[in-house]
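Asker: Here it is: the structure, laid out below.
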Amino acid sequence: MSQLQWNKFIGQERIKNVLSSAFVNNTLGHAYLLCGDAGTGKFAAAFELAMALLCKSQDQKPCGSCDSCTRMLKYGHPDFHVVLPVAPEAEHKKKDGTLNDEGWKFISESVIRRIQNPYHIRTYSSIPSIPIDWIKEVNQSILRGALEGERSIAIIDGIDMLNDDSANAMLKTLEEPPAGTLILLLTNKIHALLPTILSRCQILRFAWLSPEEISAELVKMYGGSPDDKRIKDLSYCGSLGRALHLHENPGADVIDDAIKFWTLCERGMWNDVFELCDQLVKLDDYGLYEKFFRETMELVRNAFFAKLEGTENYIRGKSSSEIHFHTYDGLEKVEDLMEICEKALSRIAHRANISLVFANFAISLMEIVNVEKQQPC
Ligand SMILES: [Zn+2]
């Protein structure tokens with residue numbers, strides 16, 4: 001049997017060893033669950049394993065250039081299937097909500113982009129989901145078995161996002177897959193999965209990447225040296241996907257800071273709130289501070305819509321789980337929350353002392369959300 005050669009999949013030596021040795025000895029199981037943080041290489045690993053299994057080269061696999069590899073790279077191999085969360089627009093759907101031709105084209109393009117940039121952290125125009133007709137089609141293709149060779153392979157990315165019907169259909173397939181089937185389930189929320197799914201898979205846990213692994217990739221992609229301050233800073237985030245995202249969107253981490261700040265205030269964790277304030281003050285960038293409070297306003301706005309049934313489409317950017325505010329029990333608070341954000345923004349516009357702006361904001365926020373009534377989380 002040929003060796004398995006990893007090309008885009010970086011780090012994760014333990015997982016590489018498990019999969020390579022099962023590949024060489026022909027002892028791969030029929031279902032694996034790849035779990036770990038976004039951007040740690042789950043899709044890269046799944047795709048390269050799938051490509052190697054269908055590759056026709058006699059030497060190292062995947063070769064990347066045989067007929068099979070070429071078709072896989074264009075998502076055009078009949079025995080290779082992918083499902084991933086997407087956010088189709090209205091023009092991609094028929095009246096009954098199923099996908100139209102444009103929708104299927106959109107899906108295929110989304111898969112190709114994922115194949116080309118497996119580490120890229122995806123952003124969506126609305127809340128992503130897995131279209132039911134897509135998962136149905138892939139499920140049927142798996143049950144039908146391989147068309148060309150002996151192997152049929154499916155990657156289901158975001159398995160935690162399946163609805164109950166789709167999850168049950170997938171469970172049946174996992175119970176009795178046709179011979180030669182390999183199903184690779186990917187998730188960054190293993191706790192959200194049904195135990196019945198977990199028990200039918202071999203679980204591969206993806207670790208955080210080392211700073212050396214991340215900085216080597218950043219240098220390879222953007223040039224520079226591992227000693228550059230920006231590259232050094234990003235190399236500690238554990239996820240290559242996140243490092244790439246932050247590299248391409250400087251200041252994107254402000255959104256995460258805003259979420260963290262809110263959560264800490266909500267839980268009344270004073271020490272942590274002020275520690276985070278100190279970190280933010282050190283940034284010494286009023287542009288970023290303005291962004292911070294604009295993001296916070298956006299979070300309040302999103303939380304408002306999240307509370308109103310049927311308004312999911314109005315939620316922008318972050319997925320709903322990230323904008324769930326534990327203490328957000330009354331819509332009448334929206335106005336108060338918006339007001340304190342506006343106050344902070346106006347103070348920033350006047351270049352007020354930023355430590356005081358943050359401290360004022362934290363205290364007002366805690367008052368509004370009524371911290372002392374909260375249960376500790
Ligand atoms: Zn090949």
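The values are calculated or read from the model by the stated rules, or taken from the named source; none is laboratory data. Keep in mind that this is a model prediction, so the values were computed, not measured. Quick reminder, even Gly has a Cβ in these numbers, built from the backbone with ideal geometry, and neighbours come from all protein chains shown. Side chains are part of the model used for accessible areas, which takes the heavy atoms of the whole protein and leaves out ligands, DNA and RNA. Shrake-Rupley method; radii C 1.70, N 1.55, O 1.52, S 1.80 Å.
Asker: Mind giving me the FRET efficiency for A349 and D165? R0 is 56 Å, r the Cβ-Cβ distance, nearest 0.05 is fine.
Answerer: After rounding, the FRET efficiency stands at 0.65.
Asker: Out of all DSSP beta bridges with both ends in segment 13-205, state the antiparallel percent to the nearest 5.
Answerer: Numbers: 2 of 21 bridges.
Counting only bridges with both partners in segment 13-205, antiparallel ones make up about 10 percent.
Asker: What Rg and what Dmax come out for segment 46-181 when only alpha-carbon atoms are used, in angstroms?
Answerer: Here Rg and the maximum Cα pair distance are 15.3, 50 Å.
Asker: Set the Förster radius R0 to 45 Å, insert the Cβ-Cβ distance between E367 and S21 as r into 1/(1 + (r/R0)^6), and round the FRET efficiency to 0.05. Provide the component values of the computation, followed by the final result.
Answerer: Values: r = 59 Å, r/R0 = 1.30.
With R0 = 45 Å, the Cβ-Cβ based efficiency is 0.15.
Asker: Using 0.36 nm per residue of separation minus the Cα-Cα distance, give me the extension gain between L308 and D133 in nm, one decimal. Provide the component values of the computation, followed by the final result.
Answerer: Details: separation 175, 0.36 × 175 = 63.00 nm, distance 2.73 nm.
Stretched fully, the L308-D133 segment lengthens by 60.3 nm.
Asker: Rounded to the nearest angstrom and ordered from largest down, what semi-axes does the equivalent ellipsoid of the chain get from its C-alpha gyration tensor (root of 5λ)?
Answerer: Details: eigenvalues 348, 126, 66 Å².
For the chain, the semi-axes come out at 42, 25, 18 Å.
Asker: Compute the relative contact order of segment 1-119 as a whole-number percentage, counting only Cα pairs closer than 8 Å that sit 6 or more residues apart in sequence.
Answerer: Numbers: 115 pairs, mean separation 29.2, N = 119.
Relative contact order of segment 1-119: 25 percent.
Asker: Fully extended, how many nm does the chain gain between L283 and N360 (0.36 nm per residue separation, minus their Cα-Cα distance)?
Answerer: Details: separation 77, 0.36 × 77 = 27.72 nm, distance 1.85 nm.
Residue separation times 0.36 nm, minus the Cα-Cα distance, leaves 25.9 nm.
Asker: Using 0.36 nm per residue of separation minus the Cα-Cα distance, give me the extension gain between E13 and N100 in nm, one decimal. Don't skip to the answer; put the middle values down first.
Answerer: On the way: separation 87, 0.36 × 87 = 31.32 nm, distance 4.19 nm.
Computed gain between E13 and N100 is 27.1 nm.
Asker: Quick one: if you take sqrt(5λ) for each eigenvalue of the C-alpha gyration tensor of segment 96-244, what semi-axes come out, biggest first, whole angstrom?
Answerer: Computed over segment 96-244, the values are 33, 19, 16 Å.
Asker: Separate question: With θ taken as phi - 60° and the coefficients 6.51, -1.76 and 1.60, list the Karplus ³J(HN,Hα) couplings across segment 217-223 in order, rounded to whole Hz; mark glycine and proline as x.
Answerer: For segment 217-223, the Karplus-derived couplings read 5, 4, 5, 4, 7, 10, x Hz, x marking Gly and Pro.
Asker: In the chain, what percentage of the DSSP-assigned beta bridges are antiparallel, given to the nearest 5? Before the final figure, lay out the partial values.
Answerer: Working: 2 of 22 bridges.
Bridges in the chain are about 10 percent antiparallel.
Asker: Moving to a separate point now. How do M338, M72, M161, M221 stack up against each other in accessible area, from largest to smallest, with a 1.4 angstrom probe?
Answerer: Details: M338 45, M72 0, M161 70, M221 105 Å².
Output order, biggest surface exposure first: M221, M161, M338, M72.
Asker: If amide H atoms are built 1.01 Å from N in the plane of the peptide, which residues on other chains or at least 5 residues away come under 5 Å of the amide H of T181?
Answerer: S152
Asker: Given R₀ = 30 Å, FRET efficiency for A179-I112 by Cβ-Cβ distance, to 0.05? Walk me through the intermediate numbers first.
Answerer: Working: r = 29 Å, r/R0 = 0.96.
So, using R0 = 30 Å, E works out to roughly 0.55.
Asker: What accessible area per residue comes out for the chain, rounded to a whole number of Å², with a 1.4 Å probe? Write out the running numbers ahead of the final one.
Answerer: Values: 19010 Å² over 377 residues.
Value for the chain: 50 Å² per residue.
Asker: Below 8 Å, C-alpha to C-alpha, sequence gap of six or more: please give me the relative contact order for the chain in percent. Before the final figure, lay out each step's value.
Answerer: Values: 529 pairs, mean separation 67.4, N = 377.
Rounded, it is 18 percent for the chain.
Asker: Structure shown: which of K61/K189; K56/K172; K16/K61; K94/K136; K56/K136; K189/K291 lie over 21 Å apart, alpha-carbon to alpha-carbon?
Answerer: Beyond 21 Å between Cα atoms: K61/K189; K56/K172; K56/K136; K189/K291.
Asker: Separate question: Can you tell which of L280, T263, H245 lies farthest toward the positive end of the dipole of segment 240-305, using +1 and -1 charges on the Cβ of basic and acidic side chains (Lys, Arg; Asp, Glu)?
Answerer: Towards the positive end, the residue furthest out is T263.
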